[in-house]
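Heads up, the thing below is written out as structure tokens.
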Amino acid sequence: MPELAEVEYYRKQWDPGLGQKILEVTCREDRRIFRGIPAGLLPTTLQGARLISSETHGKQMLFRFDKGSLGVHLGMTGELYREEPGHTPAKHAHLILRQKKQDLVFSDPRLFGRVRLETGKGEPTWWQDLPPDPRSKAFTLAVVREALTRRKGTPLKAALLQQEHFPGIGNWMADEILWQSHLKPMRKCGTVTEEESQILWKTIRVISRTAIRIIGKDFSDPPEDWLFGHRWKKGGFCPRCGLELKRDEVGGRTTCWCPHCQPQ
DNA sequence: GGAGTTGTTTAGGA
DNA sequence: TTCCTAAACAACTC
């Protein structure tokens, strides 16, 4: 489910726990999402630690504590939420940080998500090494040009899903970006003109920021004149031209597009 | 019961 | 080497 805006929404769900100590850590360490973390290290590190701050970068989240930090990726079905203190864990709740006033929960039925642990004071290297977030100043036109050049044989849709170039963009955002840019999803990156690159760059920035503002705030739906609300069901109609939308598999993912508005 | 799912990693081929 | 595709991971919904 989560792309950069949804990730921002879920990050905020733990905000009530800011400044407060973790009294107890409940986790199922054998679950796939904890891969790479030595047994016992998670409770040892976080028990008694105070949650200081949190931020998102693309689909990645970082929760900073006064000792160490916690990285969270939600995968396809991960969620963060809060519960009454001392509640009984739900079936797919894998990590619960128990505080005085609330329990902070990470659940993920499909286990495609991932939790990382940094025991040192500083920023984890994986966090420092993330490529420019599409809403940041560092995400320049040159970044888009570079990606299109490097992936010249890849369809645009598949390239937009590559997190090393466009961190935070997922399936629905990629479709939305191409639709608003009037670019066909199966178009090869190498054939995109300079003018089209600029349109693509601007559209990525506008959609990222707008999605964060709307979905990141309270999980509201984007505007009706976006592709978003029309792309899910089969037989949806283009909100711009009114013709029937098409569905194809591009880059291994279901892709919704408008043959009339995205002719090439 | 089968198909599909808003994600990432890996293996293997080109 | 570099780039690209398909499969694997896993559980739920329609």
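Descriptive notes on the structure:
- Taking the numbered list (1) without any contact (Cβ under 8 Å) to a residue 60 or more places away in the chain; (2) of a type outside the set (Asp, Glu); (3) within 16 Å of DNA strand C (Cβ to nearest atom) in turn, A:ALA138 passes all entries but (3).
- Flag if A:ARG231 is modelled with pLDDT under 90, of a type in the set (Lys, Arg) and in contact with a Leu (Cβ under 7 Å, 6 or more places away or on another chain): yes
- Within the stretch A:208-264, the set of residues being within 16 Å of DNA strand C (Cβ to nearest atom) and not in a loop (DSSP other than H, G, I, E, B) comprises A:ARG247, A:ASP248, A:GLU249, A:VAL250, A:ARG253, A:THR254, A:THR255.
- Members of the stretch A:107-135 that are within 15 Å of DNA strand C (Cβ to nearest atom) and among the aromatic types (Phe, Trp, Tyr): A:PHE112
- Among the residues of the stretch A:36-54, those identified as within 20 Å of A:LYS21 (Cβ to Cβ) and within 24 Å of the chain's Cα centre (by Cα) are A:LEU42, A:LEU51, A:ILE52, A:SER53, A:SER54.
Results for (1) part of a strand (DSSP E or B); (2) among the aromatic types (Phe, Trp, Tyr); (3) in contact (Cβ under 8 Å) with a residue 60 or more places away in the chain, shown as yes or no for each residue.
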{"site": "A:PRO2", "(1), (2), (3)": "no, no, yes"}
{"site": "A:GLU6", "(1), (2), (3)": "no, no, yes"}
{"site": "A:GLY36", "(1), (2), (3)": "no, no, yes"}
{"site": "A:VAL72", "(1), (2), (3)": "yes, no, no"}
{"site": "A:MET76", "(1), (2), (3)": "no, no, yes"}
{"site": "A:LEU95", "(1), (2), (3)": "yes, no, yes"}
{"site": "A:LYS101", "(1), (2), (3)": "no, no, yes"}
{"site": "A:LEU111", "(1), (2), (3)": "no, no, yes"}
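- Hits in the stretch A:141-168 (condition: surrounded by 19 or more Cβ atoms within 10 Å (Cβ to Cβ), within 16 Å of DNA strand C (Cβ to nearest atom) and within 22 Å of A:LEU62 (Cβ to Cβ)): A:HIS165, A:PHE166
- Filtered by the rule that a residue be part of a loop (DSSP other than H, G, I, E, B) and away from DNA strand B (no atom under 16 Å from the Cβ), the stretch A:82-93 gives A:GLU84, A:PRO85, A:GLY86, A:HIS87, A:THR88, A:PRO89, A:ALA90, A:LYS91.
The values are calculated or read from the model by the stated rules, or taken from the named source; none is laboratory data. Everything quoted here is computed from the prediction, not taken from an experiment. Here Cβ is always computed from backbone atoms with ideal geometry, including for glycine, and neighbour counts include all displayed protein chains.
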